[in-house]
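Working notes, beginning with the structure itself.
The values are calculated or read from the model by the stated rules, or taken from the named source; none is laboratory data. Here the structure is a predicted model, which means the values were calculated and not measured. FYI the Cβ positions are ideal-geometry reconstructions off the backbone, even for glycines, and counts take in every protein chain you see.
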2 protein chains.
Amino acid sequence: MSSSEFDLIDRYFSGLNSSDKTVICGIGDDAAVLDISAEHFLLTSVDTLISDVHFMADTDPADIAYKSLAVNISDIAAMGGTARWATLALTMPEAGHDWLQAFAKGFSEIAERYKVSLVGGDTTQGPLAVTIQIMGTVSRGQSIRRNKAQAGDLIYVSGSLGSAGLAYQATLDKSLRQYVSESCTQRLHRPEPRVELGKQLNHFAHAAIDISDGLVSDLGHLLKASELGAEVELDKIPFCPELMELDKQQRWSIALAAGDDYELCFTLTQASEAEMQRQLEELDYPVTCIGKITDSSGIVWLDEKGEKVELQLEGYQHF
Amino acid sequence: MSSSEFDLIDRYFSGLNSSDKTVICGIGDDAAVLDISAEHFLLTSVDTLISDVHFMADTDPADIAYKSLAVNISDIAAMGGTARWATLALTMPEAGHDWLQAFAKGFSEIAERYKVSLVGGDTTQGPLAVTIQIMGTVSRGQSIRRNKAQAGDLIYVSGSLGSAGLAYQATLDKSLRQYVSESCTQRLHRPEPRVELGKQLNHFAHAAIDISDGLVSDLGHLLKASELGAEVELDKIPFCPELMELDKQQRWSIALAAGDDYELCFTLTQASEAEMQRQLEELDYPVTCIGKITDSSGIVWLDEKGEKVELQLEGYQHF
C-alpha cells in the first residue's frame with residue numbers, strides 16, 4: 001500500500017474500528033494483523049494494479065498476473081509471515097480467451113512457487129484492473145511491524161536496489177535503454193517477494209517494510225510510523241550493477257526513488273547482528289547494513305566522507 | 001459471486017489448489033472456507049461493484065458503500081458465519097472530498113451495525129469500482145455449504161422477495177414506478193444481510209445460499225452444486241406486497257429473476273422443521289417453505305393447482 005493511498009483511506013475511515021480488540025494492527029502497515037486463533041495471527045493486505053498506472057496495457061498478461069500476486073506476497077513477507085490464500089477481483093474490457101489463459105498461467109506459476117491458494121474470485125467488465133487480497137499467517141506475537149524501530153538500530157536492506165526502477169525508467173527515457181539487462185526487465189515484471197528472509201527476520205528484526213515505492217519513501221514510512229529518523233550511507237547501498245555506469249545523482253535517483261524493488265528494509269540492534277548473520281547463512285541471500293536509526297526525524301543521506309548530501313529525486317517519484 | 005463470474009474464474013484457475021488441505025471449500029460457494037485454527041474456520045469472499053453495472057453512477061455514495069459491504073456480509077451470512085473484517089479497494093475518477101466523505105459515512109454505518117472492522121485499503125484512479133473482501137469466522141465444521149442439499153429436504157426462503165428488483169426495474173420501465181414504495185427503494189440501496197438468521201441456520205440447514213441474482217439463479221446454483229432438483233409452489237413464495245398489484249407473470253419475473261433480495265434460501269429435513277421454528281422464534285424474522293428438493297435436476301414451478309408452469313423470465317435477467 002503506497003503512502004498516498006494509505007493516507008486517503010486513513011483520513012476518511014479512521015476511528016471506524018477503534019474498539020475491535022481482534023485488530024492488532026489495522027490500516028497503516030504492509031498488512032493488517034488480526035487475532036483469529038490461539039496459534040496464529042491472520043495477516044491480510046489488498047492491492048489494486050491498474051492498466052497504464054502500475055503496468056503498461058500491452059504487458060504480457062502472464063507478467064501482470066505474476067507481479068500482482070508477487071507484490072501482495074511481498075506485503076506478507078515484510079510482516080514476517082507466510083502467504084497462504086488469495087482472492088482475485090479482475091476487471092477486464094472483454095473476457096478474451098488468450099488473455100485469460102496467459103493471465104491464469106502467470107498467476108499459477110507464482111501461486112505454486114509460493115504455495116498460495118486462490119480461494120475466491122470475481123470478474124467484472126471495465127478497464128483492466130487487478131485487485132488481489134492476500135491472506136497469510138504468522139505465529140502469535142511474531143509479526144514484524146513498521147512502527148517498532150528503535151534509536152540506535154542498524155538499518156539493513158536485502159538484495160540489490162534499482163534494477164526494476166531502471167527497466168521502468170528506460171521505458172520513459174530512451175537514453176537509459178543501453179543499461180537495461182535481462183535481469184532488470186525480469187525484476188520489473190516478475191519481482192520475487194522475500195518470503196524466506198521475512199520468516200527469518202521475525203526472530204530478530206525490530207521493524208520491517210517492503211520496498212515498493214523506493215527506499216526514500218518506504219524507509220520514510222518506517223521512520224514516520226516509528227517516530228524516529230535515520231542516517232544512511234549512500235556508498236553502502238547495494239546498487240544493482242547496471243546502475244554503476246550512470247553518474248551518482250542518476251544512480252541514487254533510480255535506486256532510491258523509482259521503486260519496484262520488493263526487497264525488504266529492516267532494523268535490528270547491533271547486538272543481534274551476529275545472530276542474524278548466522279541465521280541467514282543457510283538462506284544464502286545477501287543483506288547489507290546501510291545506516292542506523294536516530295532519534296531525530298527524516299533521513300540524513302551521507303556520502304563516503306560522512307558529509308550530508310541533498311538528494312534530488314524530482315522526476316523519479318514512483319508512478 | 002454470480003454464476004458467470006464463478007464460471008470464468010473456475011474455468012481458467014481450476015486445479016490451482018487441489019493439494020491444499022487447508023482449503024475446505026474454495027471457489028464456487030458464497031465464501032471460501034479455510035482451515036486456520038483449532039476453533040474456527042476462516043470464511044472469505046470478494047465482490048466488485050462497478051458503476052453503471054451494479055449501481056447507477058449518480059447513486060448516493062453512502063448507498064454505494066452501504067450496499068457494497070452489505071452484499072459481502074450477506075455471503076458470510078449464507079455460510080452461517082459471523083462477518084468480522086473487511087478490506088476495501090476503491091477505484092475513483094477523482095478523490096473528491098464530498099464523495100469520499102459520503103462514501104465513508106455509508107460504509108461506517110453498516111460496518112458499525114454488523115461489527116465489521118475495515119482493516120486494509122487501497123485507492124486507485126480510474127472508473128468508479130468498489131471491491132470489498134470480507135472475512136468472517138464460523139465454528140469448525142459449522143459452515144453451511146450450497147452443495148449439501150438432500151432429496152426430500154424442504155426449501156425455505158427468508159423475508160419477502162421482489163422489493164429491490166421492483167425498484168430496479170422501475171428505473172428501466174416507467175410504468176412500474178407507481179408500484180415502488182419507499183421500502184422497495186430502501187431494499188435496493190441498503191439491503192440488510194440476514195446475519196442472525198444465518199447463524200441460527202447452521203444448527204439445522206443442510207444447504208444455504210443468499211439470493212443476489214434472484215431465486216431462479218440462486219436456487220439453481222444450490223441445486224447444481226448439490227446435483228439435485230426442486231419443486232417450487234409459486235403461490236407459496238413470499239412476494240413483497242407491492243408486487244401483488246401486478247399480473248402474475250410480471251410478479252413472478254420480478255420476484256424470481258430481478259435479484260438484489262439478499263434473503264437466504266436454505267434447505268432442511270422435514271424432521272428438523274419444528275426445531276427450526278422454535279429456534280427462530282426469538283429472531284422474529286419470517287421464513288417460508290416454498291417447496292422441496294427432488295432427486296431430478298432443475299426447478300419445476302407449480303401453480304396453485306399443482307400444475308407445471310413455464311416461467312418466462314426473458315428481459316428480467318439480473319444485470
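Residues are listed down the side, and each one gets a yes or a no for (1) of a type in the set (Val, Ile, Thr); (2) farther than 15 Å from residue B:185 by Cα; (3) in contact (Cβ under 8 Å) with a residue 60 or more places away in the chain:
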{"residue": "B:42", "(1), (2), (3)": "no, yes, yes"}
{"residue": "B:48", "(1), (2), (3)": "yes, yes, yes"}
{"residue": "B:52", "(1), (2), (3)": "no, yes, no"}
{"residue": "B:57", "(1), (2), (3)": "no, yes, yes"}
{"residue": "B:60", "(1), (2), (3)": "no, no, yes"}
{"residue": "B:63", "(1), (2), (3)": "no, no, yes"}
{"residue": "B:69", "(1), (2), (3)": "no, yes, yes"}
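The residue of the stretch B:218-246 that is nearest to residue B:292 (Cα to Cα), among those that are assigned to a helix (DSSP H, G or I) and in contact with a Phe, Trp or Tyr (Cβ under 7 Å, 6 or more places away or on another chain), is B:234.
Any idea which of B:310, B:263 is crowded, with 16+ Cβ neighbours inside 10 Å and within 23 Å of residue B:169 (Cβ to Cβ)?
Details: B:310 fails: crowded, with 16+ Cβ neighbours inside 10 Å.
Answer to the selection: B:263.
Would you be able to say whether some residue in the stretch A:284-292 is crowded, with 23+ Cβ neighbours inside 10 Å and more than 23 Å from residue A:163 (Cα to Cα)? No, every residue in the stretch A:284-292 fails to be crowded, with 23+ Cβ neighbours inside 10 Å and more than 23 Å from residue A:163 (Cα to Cα). Scanning the stretch A:249-287 for residues that are part of a loop (DSSP other than H, G, I, E, B) and either among the β-branched types (Val, Ile, Thr) or not assigned by TED's automatic domain parsing to the domain that holds residue A:234 (or both) yields a single hit, A:269. Check whether at least one residue in the stretch A:146-161 is crowded, with 19+ Cβ neighbours inside 10 Å and at pLDDT below 95, and report yes or no. Yes; the residues of the stretch A:146-161 include at least one that is crowded, with 19+ Cβ neighbours inside 10 Å and at pLDDT below 95. Taken as a whole, the stretch B:180-197 holds no residue that is in contact with a Pro (Cβ under 9 Å, 6 or more places away or on another chain), part of a loop (DSSP other than H, G, I, E, B) and within 14 Å of chain A (Cβ to nearest Cβ). Just wondering, is there one or more residues in the stretch B:54-70 that are part of a strand (DSSP E or B), modelled with pLDDT of 90 or more and not assigned by TED's automatic domain parsing to the domain that holds residue B:258? No, because not a single residue in the stretch B:54-70 is part of a strand (DSSP E or B), modelled with pLDDT of 90 or more and not assigned by TED's automatic domain parsing to the domain that holds residue B:258. Among the residues examined, residue B:123 qualifies as under 21 Å from residue B:63 (Cα atoms), surrounded by 21 or more Cβ atoms within 10 Å (Cβ to Cβ) and of a type in the set (S, T, N, Q).
Being more than 9 Å from chain B (Cβ to nearest Cβ) and more than 24 Å from residue A:139 (Cα to Cα) holds for only one residue in A:95, A:89, A:62, A:83, and it is A:62. For the stretch A:223-268, residues that are closer than 13 Å to residue A:157 by Cα and either within 18 Å of the chain's Cα centre (by Cα) or of a type in the set (Phe, Trp, Tyr) (or both) total 13. Among the residues of the stretch A:108-124, those identified as more than 7 Å from every other protein chain (Cβ to nearest Cβ) and not aliphatic (A, V, I, L, M) are A:109, A:112, A:113, A:114, A:115.
Determine if the stretch B:132-139 includes at least one residue that is touching a Lys or Arg at 6+ places or on another chain (Cβ under 8 Å), closer than 20 Å to residue B:31 by Cβ and more than 8 Å from every other protein chain (Cβ to nearest Cβ). Taking every residue of the stretch B:132-139 in turn, at least one turns out to be touching a Lys or Arg at 6+ places or on another chain (Cβ under 8 Å), closer than 20 Å to residue B:31 by Cβ and more than 8 Å from every other protein chain (Cβ to nearest Cβ).
The set of residues in the stretch B:25-58 being in contact with a helix residue (DSSP H, G or I) (Cβ under 8 Å, 6 or more places away or on another chain), under 30 Å from residue A:138 (Cα atoms) and either more than 9 Å from chain A (Cβ to nearest Cβ) or surrounded by fewer than 20 Cβ atoms within 10 Å (Cβ to Cβ) (or both) consists of B:28, B:29, B:30, B:43.
Among all residues of the stretch B:274-288, there is none that is touching a strand residue (DSSP E or B) at 6+ places or on another chain (Cβ under 7 Å), more than 18 Å from residue B:198 (Cβ to Cβ) and touching a residue at least 40 places away in the same chain (Cβ under 8 Å). When B:188, B:201 are screened for being under 25 Å from residue B:34 (Cα atoms) and within 16 Å of the chain's Cα centre (by Cα), only B:201 passes. Inside the stretch A:211-225, residues that are in contact with a Cys (Cβ under 8 Å, 6 or more places away or on another chain) and of a type outside the set (A, V, I, L, M, F, W, C) make up a count of 1. Do we have residue B:201 as modelled with pLDDT of 95 or more and crowded, with 20+ Cβ neighbours inside 10 Å here? Judged against the criteria, residue B:201 is not a match.
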